[in-house]
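Okay, structure first, notes after.
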Amino acid sequence: MNYDKVFEQAIQNLKTENRYRIFTELGRQAGNFPRATKHSNDGVSEIVIWCSNDYLGMGQNPKVLSAMKDAVDRFGAGAGGTRNISGNTHMICELERELADLHGKESALVFTSGFVSNDATISTLGKLMPGAIILSDELNHASMIDGVRHSGCEKVIFKHNDVKDLEEKLQKIDPDRPKIIVFESVYSMDGDISPMKEICDLADKYNAMTYLDEVHAVGLYGPRGGGIAEREGLMDRIDIMEGTLGKAFGVVGGFITSSANIVDSIRSYASGFIFTTTLPPVVGAGALASVKYLKNSQKERRAHQERAATLKRLLEEAGLPVIKTPTHIVPVMVYDAALCKQASDMLLDDYGIYIQPINYPTVPRGEERLRITPSPLHDDNMMAALVSALKEVWGRLGLRQAA
């Protein structure tokens, strides 16, 4: 058997379907976000990043950078091992206490990424509750889907943000079976928000646990950046809250917050936690500084919402097919995989604007888009240049205008 041919064909299939992903080599510039350098065989050029999940630019915040520099000098580079063996570092423990406080929970647990925190936690919950059934929103993130799959539990998929469909499915389940409702607060492709209160009401009515992914909301919403659940006054009704340190907080890592018993159980049973080297102290220090800062500063959140609203308005006025979301996510629809890639390439090559195409399986076929994420550091001139470039690219490609 020609093994290499198998993989060559797999790659060719993606290229044929216009789904092959090309990663642009970038160099972010400390203190100069959202500007960056693009590195290629043709040399180095200046670009503006418009699709970063560093939503508030905290990856460039002086307090975060200072904390990380200090941590390198104090603690060195790596953590030294897993939490169990030699990597239970002081900075990570401090970070967990800060995250538990952020969400009003008894305890928190930090993972190496948001993907791992979802996969490890959801899969372990299922294994600890024999006979459990997991009810999952149909648009949940891949990490949550993997967690459900790896749990070995029976799963039920309910229609996106549809509480009527969720209740119909809950009604059919034995009242004595353990049930976990798994959903997100902000869905990152369409930028919509889940009906959180109604889902919590159903969880109370049918004696189900709630598991909420807040990765696209922590740091961005609520008086202290606790997310949509904090903004809506619902944190006490969510059993497990999951978040990331790699988006609004500007560093890397994932976490859960919950009751002491739940967190301790995940700590003690989740393979994705037990057998993974701890995040370096320098990362913990940066995340800790970022979480503390955003608990007390509103200016970044206010500017973020203003920038997102302004860009949506400008795109709409320009006749571009932007989805009017209630959040900071700004999707501009293309509806075709090949054209989406062409638009992205033209923006980068001809205008120095970096926006990656979003294709299947991240979104359904026919729903391809450019997902734009303005930050407080994208100024008016950058916005004007972006809108002008998009209008020209739309004209050059003959793309669909706003309805």
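Could you look through segment 348-392, keep only residues that are assigned to a helix (DSSP H, G or I) and touching a helix residue (DSSP H, G or I) at 6+ places or on another chain (Cβ under 6 Å), and pick out the one that is most open to solvent (accessible area, probe 1.4 Å)?
The selected residue is Tyr351.
For residues that are modelled with pLDDT of 95 or more and part of a helix (DSSP H, G or I), scanning just segment 314-338, find the one that is farthest from the chain's Cα centre (by Cα). Among them, the one singled out is Glu317. Residue count for segment 57-83 under the criterion of being of a type in the set (A, V, I, L, M, F, W, C), under 23 Å from the mean Cα position of the chain (by Cα) and open to solvent by less than 20 Å² (accessible area, probe 1.4 Å): the result is 2.
If I filter segment 162-177 down to residues being in a loop (DSSP other than H, G, I, E, B) and open to solvent by 40 Å² or more (accessible area, probe 1.4 Å), which single residue comes out as nearest to His216 (Cα to Cα)? Among them, the one singled out is Asp162.
Screening the candidates Ser136, Ser143, Ser188 for the property of being in contact with a strand residue (DSSP E or B) (Cβ under 7 Å, 6 or more places away or on another chain) and open to solvent by less than 30 Å² (accessible area, probe 1.4 Å) yields one hit, Ser136.
The values are calculated or read from the model by the stated rules, or taken from the named source; none is laboratory data. Small disclaimer: the values here were computed from a predicted structure and weren't measured. Every residue, glycine among them, receives a Cβ derived from its backbone with ideal geometry; neighbour counts consider all protein chains shown. Keep in mind that these areas ignore ligands, DNA and RNA; they rest on the heavy atoms of the full protein, side chains included. Shrake-Rupley method; radii C 1.70, N 1.55, O 1.52, S 1.80 Å.
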